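The values are calculated or read from the model by the stated rules, or taken from the named source; none is laboratory data. Predicted model only: the values in this text are computed from it and were never measured. Cβ placement follows ideal geometry from the backbone for every residue including glycine, while neighbour counts extend to all protein chains displayed. Accessible surface is based on the protein model in full, side chains and every heavy atom, while ligands, DNA and RNA are left aside. Shrake-Rupley method; radii C 1.70, N 1.55, O 1.52, S 1.80 Å.
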Amino acid sequence: SSVRLAMLDTFEASLPAGLQIPKVPSLVLFPAFSKAPPHLTFDSKWKVQHIMWWVQDHASLSFKLPELPHLDDLEAKSYWEQKAELPKEKQERIQMDSESSFRPKKA
């Protein structure tokens, strides 16, 4: 795997030298080949799939997430079934927020 997660409790430990965070909680990415400041800070919807997409977009070592990376197989099956029952307009709105193939690509 090319992604490692770590948590720092700022109430119990100091930030490493040179690291500044804009607010608590913050999610900071240290790409494999670019650990020097300025550090990448997540600034989007705090939803699991949005965080996963952000990491995928900014990681030095590329990787591909599944269409619904935040769901297991049973949840994904339910998602597709429930989405199919919705009116077309609502389906389009949901797919823009939840499906990898319909999200805008970040630079």
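Overview of results
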read-out: Those residues of segment 1-22 which are of a type in the set (Gly, Ala, Ser), open to solvent by less than 100 Å² (accessible area, probe 1.4 Å) and either closer than 17 Å to Pro37 by Cα or touching a Lys or Arg at 6+ places or on another chain (Cβ under 8 Å) (or both), in sequence order; value: Gly18
read-out: Some residue of segment 69-79 being in contact with a Pro (Cβ under 9 Å, 6 or more places away or on another chain), assigned to a helix (DSSP H, G or I), among the aliphatic types (A, V, I, L, M) and surrounded by 15 or more Cβ atoms within 10 Å (Cβ to Cβ); value: yes
read-out: Residue within segment 37-44 that is outside any loop (DSSP other than H, G, I, E, B), under 11 Å from the mean Cα position of the chain (by Cα), closer than 25 Å to Pro16 by Cα and among the aliphatic types (A, V, I, L, M) present; value: no
